[in-house]
Amino acid sequence: MKILAIERDVAGVDAARFTAELGRAEARRVWELQQSGSVREIYFRADEPSAVILLECADAAAARDTLESLPLVAAGLIRFEVIPLIAYPGFARLFDPSAWE
């Protein structure tokens, strides 16, 4: 299942807790997850400094488990909104008029 994960702030986190060591560990873990196929795509938003990740997992619970393995999540510095996705069903309307009903 495809899962969209959007990074969200954790209230009250001191920016000084984001260390270079944690940043390297985060990048390493994301690379491992990408190599394993769990993380399919990762981006940073152009309008704010937060990550958007497209995962391939059995379900939303498995995606949450995967995200919890990220060092910044494990340290309580960031969290993710997890959104399960399904394929767009609207194309059926092109071939089956009753799909509008």
Self-check item: Of the chymotrypsin sites (Phe, Trp or Tyr not before Pro) in the range 29-101, those whose Cβ has at most 14 other Cβ within 10 Å and which sit in DSSP loop
Solution: PHE91
Quiz item: Picking from ALA20, GLY90, SER69, whose Cα lies most toward the positive end of the charge dipole for the chain (charges on Cβ: Lys, Arg +1; Asp, Glu -1)?
Solution: ALA20
Practice problem: Would you mind computing the Rg to Rh ratio of the chain from its alpha-carbon coordinates, Kirkwood style for Rh? | Solution: 1.12
Quiz item: Which parts of the range 55-85 would a label at THR19 reach, counting a residue when its backbone N lies under 18 Å from a point 7 Å out along Cα-to-Cβ?
Solution: 70-78
Quiz prompt | Two-site label geometry, GLN35 and ASP96: point separation in nm, points 7 Å out along Cα→Cβ | solution = 4.4 nm
Exercise. Report Rg(Cα)/(2.2 N^0.38 Å) for the range 1-56, keeping two decimals.
Key: 1.23
Exercise. Rounded to the nearest 10 degrees, what's the angle between the helix 20-36 long axis and the longest principal axis of the chain, both from Cα atoms, 0 to 90?
Key: 30 degrees
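Rule-based calculations on the coordinates, nothing more; no lab input. Since the structure is predicted, the reported quantities are computational estimates derived from the model, not experimental observations. Ideal geometry is used to build each Cβ from the backbone, glycine not excepted, and the neighbour counts take in all protein chains shown.
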